[in-house]
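The values are calculated or read from the model by the stated rules, or taken from the named source; none is laboratory data. Just so it is clear, the model here is predicted, and its values are computed rather than measured. Cβ placement follows ideal geometry from the backbone for every residue including glycine, while neighbour counts extend to all protein chains displayed.
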Amino acid sequence: MKNTISSSAILGAILKKDLLAYSRNKLYIFLTVIGIIFFVLIFWVTPDTVDETIVLGITPSIETMLENAREELIEDGIQQPQFELFSANDIEKDLATEEGMQVLEFEDAEQMKKVLEGKLKLYVSEDGTLESIDPQEDHEKKEQLKDAEEKDLHMGLAFPLNFVSEAIKGEKTEVTIYLDAAVPNEMETAMQAYVQEIAFLLGGHESPVEFPEEEAIILGHDRAGQQISMQERMRPLLALFILLIETFAMASLISSEILQGTVTALRVTPMKVGHFLAAKTILGTCLALSQGVLILLLIRAFTVENWHILLITMLLGSLLFTSVAMIIGAAGKDFMGQLMYAILFTVPLMIPAFAVLVPGTVASWVQMIPSYPIVELLVGSTIYEVGWLDYWNEFLYAILWVAALYLIGLVILKRKVETL
Amino acid sequence: MSLIRVWKLFLKEIAMGPRNPFFLYAVIVPIGLTFLLQMAFGTIFEPVPRLGIVDYGVSEIKESFTQEEGIELHVLNDAEELKKQVENDDLDAGLILQSGLDEKIKTGEKPQLDYFMGGESLASNRIILTVMALDIFREIKGDDSPVALDVVSLGEEGLPVSMRLVPLIVFYALVLAGVFLPGSGIVEEKEKGTLQALLVTPARKEEILLAKGMLGVVLASLTAIITLFLNNVFGPRPWEVVVVVLVAAVLSSILGLLVGIISKNSTALFAVIKGAGLILFAPVVFYIFPDWPQWIARIFPLYWIIEPIWEVSVMGNPLAEVWFELTVALFIVIALIPVIVILSNRMLKA
């Protein structure tokens, strides 16, 4: 009597057995759940904005300085037709539109100093009014200011009341720059140059060079005011981390089957080596892909524009890490040995994801790592919202790496299974 | 208890220890982490403005920029390469100094500048570099400064992120060598049955555990000291640093012995360490985020060894300032010894 069993039935049976074995591995189930919770938590506590603004305090206010200058210049009989065009409102409007710097006007230098010393907390209400309070004592006032924005002042400029008139007359004046001790050197140097430049311009000294128009000198997409946050940069890293955990789990499953002789037992059944390899490929890829997609959903990586690119990228990533798991698992080491093998193989694969955190071009040796095109695709689709056509070469590069590693994984695992 | 036997067992541990994968791991990870975190966080969170210059003459402007503090200056030979680097965010801004630019500035010709900025450069860095450049052009032109500047620094300087990450690296040095190594050593002996074999020799259970603990103490102390040294935070009193590190290594190793005793096999050991990892790791986070309420950190056991290392090694304070923390750490060690004795008796009966 001949009873034939179809390949799909064999495959289904192996997958069922593997899933059962996987669900019994409490350590990896625990690590996967903890990993997902931990990575999602990390993502949401990572800063989602980039602070690229220098908050500068000045005292006295622009209006006070201009009024004083008008009176003094009239008293001295100095005609400054250009100066008549200056209005505090216009200057304030110009400053408000300046990218990278926010100027806050204080009437009282002492108040500004105390804010910089950290003795007072500074709040800016919606209409731009400044309020500073002692956080230890003014609890009632703090409650009233709950809708106002709290500001960290980096630097303060204390101008003499006659600064504008003296600068126009070409007289040397003294300006005090108050700095928060944490302000870096370059900001201190720049602020000194900034004050001097104001005085130069008021004194009628034109800029010694002609700067090109700002629009003409920006190379690449101008991200001023909409910089890529650390949170956004973390997305590829977290997606790869979850694939990494699945590599550990899959390698452990294969290792234990080799060590415990399950594979040898299976070989006396109608199962062929091809069935075994296919089952491992399907299970490893599906587990990694489902968890990768879950984490990307939880960190809101999917958009209407990128979902298809992300899915294909994660599929490639899952297959890549499953291939690595096959190579590690084929060594058939005990728990500790397999752990060390896994670390040895997977840590280099994480390097491209870390490299994304650092601004600038990734080093050429990093671009040689198999996971690099996957990371590039994740970055492109989640941060830069690129389409298929923009990144077709990365896709090709990723497919080539995945195919190569999968082939290596298959050959190594096949030979191991056949020699058992 | 025979000290000679403990010594011989300790020598055996030293000889066999490197065969344990965690031995290698304990040595490599803190050093690797030091390089990785110093390299990464030194630039990620505190990015200095990066300027590229191509000088087609012999400009004083380039020389002036080399003397500016707080900017990263790159001198290139090719304008196209400079533009490419600016566009790729390898540089924040690029400046091409054409031949004869200095002379044109000096004669008041007001030459057009070849200056460009990267789209991904921070707005604050654009202002800093532009204003610095203007200041240098004024200097070249010979304009006298119209203001006298008085710079006053207020408040206390905060610690850089790379410094605040030192407890994290030291934590790994202590946990990997102090907790993992003795723990995995005991588990391995249990799994391979060599623990039973050892116990039929004159060696006693306490002597075996002490030898394994000693290996943890020695390796944890060494890796922690090397880590502090590599991070350039050895403090002004090196011997006092050694004392706090030793106390930390002893407490870590005691925890390692405890973990090894309660874990039936490697998988259980890994699960225990992963499960307890968050509790052990928690105090380290408070050094990275100093604005968080610091009293919470005191709830966790490793706070009492990380805090003395932080104060004596990183902050440079004398040992006398951390006597309370050290006393608590030693108290935890003393309190855990009877627990280890009871649990190890149960382990042997099982």
- request: Report whether or not residue A:279 is more than 14 Å from chain B (Cβ to nearest Cβ), not basic (Lys, Arg) and not in a loop (DSSP other than H, G, I, E, B).
  value: yes
message: I need every pair where a residue in the range A:168-185 that is loosely packed, with under 14 Cβ neighbours inside 10 Å has its Cβ under 6 Å from the Cβ of a residue that is among the charged types (D, E, K, R), sequence separation at least 6 or different chains.
response: A:181/B:156; A:181/B:157; A:185/B:69
query: Does residue B:338 fit the bill of being surrounded by fewer than 14 Cβ atoms within 10 Å (Cβ to Cβ), over 20 Å from residue B:236 (Cβ atoms) and modelled with pLDDT of 90 or more?
result: yes
query: When both residues are 6+ apart or on different chains and their Cβ atoms are under 8 Å apart, which pairs have a first residue that lies in the range B:64-77 and is in contact (Cβ under 8 Å) with a residue 12 or more places away in the chain, and a second that is loosely packed, with under 14 Cβ neighbours inside 10 Å and of a type in the set (S, T, N, Q)?
result: B:70/A:185; B:73/B:66
field: Any chance residue A:199 is exposed (fewer than 15 other Cβ atoms within 10 Å of the Cβ) and within 7 Å of chain B (Cβ to nearest Cβ)
entry: no
field: Among (1) surrounded by 14 or more Cβ atoms within 10 Å (Cβ to Cβ); (2) modelled with pLDDT under 95, the one test that residue A:392 misses
entry: (1)
field: All positions within the range B:269-284 that are crowded, with 16+ Cβ neighbours inside 10 Å, facing chain A (nearest Cβ under 10 Å) and free of Cβ contacts under 8 Å to residues at least 40 places away in the same chain
entry: B:270, B:271
query: What is the number of the single condition among (1) in contact (Cβ under 8 Å) with a residue 12 or more places away in the chain; (2) within 10 Å of another protein chain (Cβ to nearest Cβ); (3) out of contact with any Ser or Thr (no Cβ under 9 Å at 6 or more places or on another chain) that residue A:238 does not meet?
result: (2)
message: Scan the range B:83-98 and tell me whether some residue there is more than 7 Å from every other protein chain (Cβ to nearest Cβ), among the charged types (D, E, K, R) and either free of Cβ contacts under 8 Å to residues at least 12 places away in the same chain or under 14 Å from residue B:137 (Cα atoms) (or both).
response: yes
Every residue from the range A:352-376 that is more than 15 Å from the chain's Cα centre (by Cα) and within 23 Å of residue A:247 (Cα to Cα): A:366, A:367, A:368, A:369, A:370, A:371, A:372, A:373, A:374
field: Residues (acidic (Asp, Glu), facing chain A (nearest Cβ under 7 Å) and without any contact (Cβ under 8 Å) to a residue 12 or more places away in the chain) located in the range B:99-155
entry: B:135, B:143, B:150
query: Is it the case that residue A:185 is of a type in the set (S, T, N, Q) and more than 12 Å from chain B (Cβ to nearest Cβ)?
result: no
task: Taking residue A:190 as the residue in question, decide whether it is in a loop (DSSP other than H, G, I, E, B), at the interface with another protein chain (Cβ under 7 Å from one of its Cβ atoms) and among the aliphatic types (A, V, I, L, M).
output: no
- request: Say whether the condition of being of a type in the set (D, E, K, R) and farther than 23 Å from residue A:188 by Cβ is met by at least one residue in the range A:62-69.
  value: yes
query: Based on what the data block shows, is residue A:295 under 18 Å from the mean Cα position of the chain (by Cα), touching a residue at least 60 places away in the same chain (Cβ under 8 Å), outside any loop (DSSP other than H, G, I, E, B) and over 28 Å from residue A:6 (Cα atoms)?
result: yes
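For (1) touching a helix residue (DSSP H, G or I) at 6+ places or on another chain (Cβ under 6 Å); (2) assigned by TED's automatic domain parsing to the domain that holds residue B:164; (3) farther than 25 Å from residue A:199 by Cα, each residue gets a yes or a no:
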position: B:53; (1), (2), (3): yes, no, yes
position: B:57; (1), (2), (3): no, no, yes
position: B:73; (1), (2), (3): yes, no, yes
position: B:76; (1), (2), (3): yes, no, yes
position: B:92; (1), (2), (3): yes, no, yes
position: B:103; (1), (2), (3): no, no, no
position: B:116; (1), (2), (3): yes, no, yes
position: B:130; (1), (2), (3): no, no, no
position: B:148; (1), (2), (3): no, no, no
statement: Picked from the range A:387-420 (must be in contact (Cβ under 8 Å) with a residue 24 or more places away in the chain and in a loop (DSSP other than H, G, I, E, B)), the residue nearest to residue A:247 (Cα to Cα) is A:420
Single condition residue A:363 does not satisfy, out of (1) in contact (Cβ under 8 Å) with a residue 12 or more places away in the chain; (2) within 14 Å of chain B (Cβ to nearest Cβ): (1)
query: When only residues in the range A:212-235 that are at pLDDT 80 or above and more than 8 Å from chain B (Cβ to nearest Cβ) count, which is farthest from residue A:371 (Cα to Cα)?
result: A:229
task: Kindly state which helices (runs of 4 or more DSSP H) lie completely within the range A:89-169 and contain at least 2 residues that are more than 14 Å from every other protein chain (Cβ to nearest Cβ).
output: A:139-144
